[in-house]
Amino acid sequence: MTTTNNKYTDKRHKIAKDPKKKQRNKFILFGILTISFIFLIVLGTGYVIRYVIPQGKTVVQVGEIKYDRADMLKMLRVKQKNSEMMGSQMNNSEEIFKALQNMIENEIIDQISPSLGIIIPPEQIDIYVRDVFMPSYNNEESPDPVQIEREFKEIFSNYLTSVGLSEEEYKKFTRWSMLREQMRQYIGETVPTVAEQVYLHRLMILPDDEIDIMKKKYEDGTPFKYIVREFSKDNEEVIRRGGEIGWVPKGIFPEYDYIIFDLEPNLLSIEAQSIKSPPLLYFFMISDKDPARPIALEELDQLKTQALKDWLNTKRKEFNVSANFNSEVHGWLTKQLSVSTLKKPEEKKSRLQELGILQ
C-alpha cells in the first residue's frame, strides 16, 4: 500500500516539475479568471443598465430644476406607505400620474412662493415632524422626557427606513406639502364667501336603463327621491338621501354648471354624461335657488382647492416645463412599487398612525 502511494506521489511531483504542463495549467487558470471577470462585468453592466441608469433619468424639469425617476419613486413610496398604514392598497397607476403632476406643481409653488412672502422656516417643519411622530400614551402612563425623545427618534427612524427616505428628503416633501397648503389658503382669499347657489338633487343612471319610464314617472308627479331609490346607480349615501346633494355654488361641479344653474326649480334636466364614470348619465333637479347665500365651509374649501388648480394652470404657462414620461417610465415605476416591501408600523403608535395621515 505504501509503495502504491509513493508511485502516485512521484507522478504528481513529475507533473508539477514539467514546464509545459505548468505553463498549460497557468493558461487554464488565467482563462478561468478571465471568463469569471468578463462574466462579472457583464452581470454588473446588466445591473447598472437595468436598475441604476433608469433611476437617474430625468422625468420632470421645471425651469433649471430637474427631478429623476428615483425622486418620483420616493414620492410614490411615501404614498404607498400612507395607504398601507390606513389599511388600504394604493392604486399604483392612478397615483403615478398624480405624482407626476404634483412634482411639477410643487416645484412651481416652491419657485414662486418667496416672491409672495410665503416661506416655511425649518423650525416649523421640525415642529410638524415631532407632532406627527411623537409617541402617544394613555392616561395611566407617565414616561419621562428621555424615554419620549428616544421613542420619537425610533418611530421616525423606522418610518424613514420603511419608505427609503433620508431625514432631509422627508422634510423636503413635508415642506412641499406645507407650502402647497399655504399657497392654497393665499389663493383661496380670492374666493368669495357669498355666492349664487342652488339646492341640488341628482340621479345617476345607465344609458340602457328605463330612462323613458323614469321620466314619465317624474312627469306624473312621483317624488324625485322615490325615483332615485328605484333607478339611481349613485353611491349608497346619495341614494339613501333620495338624490339630495344640498346647497352648491358654481365651481363645485364645474362640468355641469351650465346645466345646473340654468334649471328652474322642480324641472328635470337634460341628460349629462358622467365625466368620471362613463357611460353613466346624470339627471339633475333643483328645488330652490338663492342669488346670494353664504358658502358652507366644506364647499368653500373645495373652491379654494379649485382656485389653486386654476392658478397653477395659469402659472405653468410661464415656466419652461418638460416631462419625459411614457409607457416605459410608467412600467418601470409600477414594477418598482410592486416589489416594495414596506415594514409594518411599530406597536407604539404615533399621531400619524392614529390619524391615518401622512403628508
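The values are calculated or read from the model by the stated rules, or taken from the named source; none is laboratory data. Remember, predicted model here, so these are calculated numbers, not experimental data. Note: ideal-geometry Cβ built from the backbone for every residue, glycine included; neighbour counts use all protein chains shown.
Only one of these is free of Cβ contacts under 8 Å to residues at least 24 places away in the same chain and small (Gly, Ala, Ser): Ser327, Ser338, Ser274. Name it. Exactly one of Ser327, Ser338, Ser274 is free of Cβ contacts under 8 Å to residues at least 24 places away in the same chain and small (Gly, Ala, Ser), namely Ser327. Only residues that are on the phi < 0 side of the Ramachandran plot and either outside the structural domain of Ala323 (by TED's automatic domain parsing) or of a type outside the set (A, V, I, L, M) (or both) were counted across the stretch 87-143, and they come to 37.
Exactly one of (1) more than 25 Å from Ile260 (Cβ to Cβ); (2) surrounded by 14 or more Cβ atoms within 10 Å (Cβ to Cβ) is unmet by Lys289. Its number? So Lys289 meets the others, but not (1). Taking the criterion of being among the hydrophobic types (A, V, I, L, M, F, W, C), part of a loop (DSSP other than H, G, I, E, B) and free of Cβ contacts under 8 Å to residues at least 40 places away in the same chain, no residue of the stretch 67-89 qualifies. Here are Lys289, Lys216, Lys233: which of them is in a helix (DSSP H, G or I) and either modelled with pLDDT under 95 or not acidic (Asp, Glu) (or both)? Going through Lys289, Lys216, Lys233 in turn, the sole match is Lys216.
Here is a check on your reading of the model: is Glu298 out of contact with any strand residue (DSSP E or B) (no Cβ under 6 Å at 6 or more places or on another chain), in a loop (DSSP other than H, G, I, E, B) and on the phi < 0 side of the Ramachandran plot? In short, no. Residue count for the stretch 271-286, restricted to those that are outside any loop (DSSP other than H, G, I, E, B) and either surrounded by 14 or more Cβ atoms within 10 Å (Cβ to Cβ) or aromatic (Phe, Trp, Tyr) (or both): 7.
Among the residues examined, Leu268 does not qualify as at pLDDT below 95, outside the structural domain of Arg184 (by TED's automatic domain parsing) and surrounded by 14 or more Cβ atoms within 10 Å (Cβ to Cβ). Candidates Val146, Val163, Val132: the one that is of a type in the set (A, V, I, L, M) and loosely packed, with under 11 Cβ neighbours inside 10 Å is Val146. Looking across the stretch 108-123, the residues that are touching a Lys or Arg at 6+ places or on another chain (Cβ under 9 Å) and part of a helix (DSSP H, G or I) come down to Ile108, Ile109, Asp110, Ile112, Pro122. For the stretch 286-313, the set of residues classified as over 23 Å from the mean Cα position of the chain (by Cα) and over 15 Å from Lys250 (Cα atoms) consists of Ser287 only. Only one of the numbered conditions (1) more than 25 Å from Lys317 (Cβ to Cβ); (2) surrounded by 20 or more Cβ atoms within 10 Å (Cβ to Cβ); (3) not β-branched (Val, Ile, Thr) is violated by Pro121, and that is (2). Candidates in the stretch 236-286 are the residues that are out of contact with any helix residue (DSSP H, G or I) (no Cβ under 9 Å at 6 or more places or on another chain) and aromatic (Phe, Trp, Tyr); of these, the one that is nearest to Leu308 (Cα to Cα) is Tyr256. Can you find a residue in the stretch 107-115 that is among the hydroxyl-bearing types (Ser, Thr, Tyr) and touching an Asp or Glu at 6+ places or on another chain (Cβ under 7 Å)? No, every residue in the stretch 107-115 fails to be among the hydroxyl-bearing types (Ser, Thr, Tyr) and touching an Asp or Glu at 6+ places or on another chain (Cβ under 7 Å). Scanning the stretch 218-244 for residues that are in contact with a Lys or Arg (Cβ under 7 Å, 6 or more places away or on another chain) and small (Gly, Ala, Ser) turns up Gly242, Gly243. Taking every residue in the stretch 99-126 that is more than 26 Å from Ala70 (Cα to Cα) and in contact (Cβ under 8 Å) with a residue 24 or more places away in the chain and pairing it with any residue that is surrounded by fewer than 15 Cβ atoms within 10 Å (Cβ to Cβ) and charged (D, E, K, R), at least 6 positions away or on another chain, yields no pair with a Cβ-Cβ distance below 8 Å.
Pull out all pairs, ordered by first then second residue, where Cβ-Cβ is under 6 Å, the residues are six or more apart or on different chains, the first lies in the stretch 164-183 and is under 15 Å from Met103 (Cβ atoms), and the second is among the polar types (S, T, N, Q) and surrounded by fewer than 17 Cβ atoms within 10 Å (Cβ to Cβ). From residues that are under 15 Å from Met103 (Cβ atoms), the pairs are Ser177/Gln359. Considering (1) exposed (fewer than 13 other Cβ atoms within 10 Å of the Cβ); (2) in contact (Cβ under 8 Å) with a residue 24 or more places away in the chain; (3) farther than 28 Å from Asp310 by Cα, say which one Asp220 fails and leave the rest. Status for Asp220: all satisfied but (2). I'd like the full set of residues that are modelled with pLDDT under 90 and of a type in the set (A, V, I, L, M), limited to the stretch 309-359. Listed by number, the residues that qualify are Val339, Leu342, Leu352, Leu355, Ile357, Leu358. Screening Gln182 against (1) farther than 23 Å from Pro291 by Cβ; (2) touching a strand residue (DSSP E or B) at 6+ places or on another chain (Cβ under 7 Å) leaves a single unmet condition, (2).
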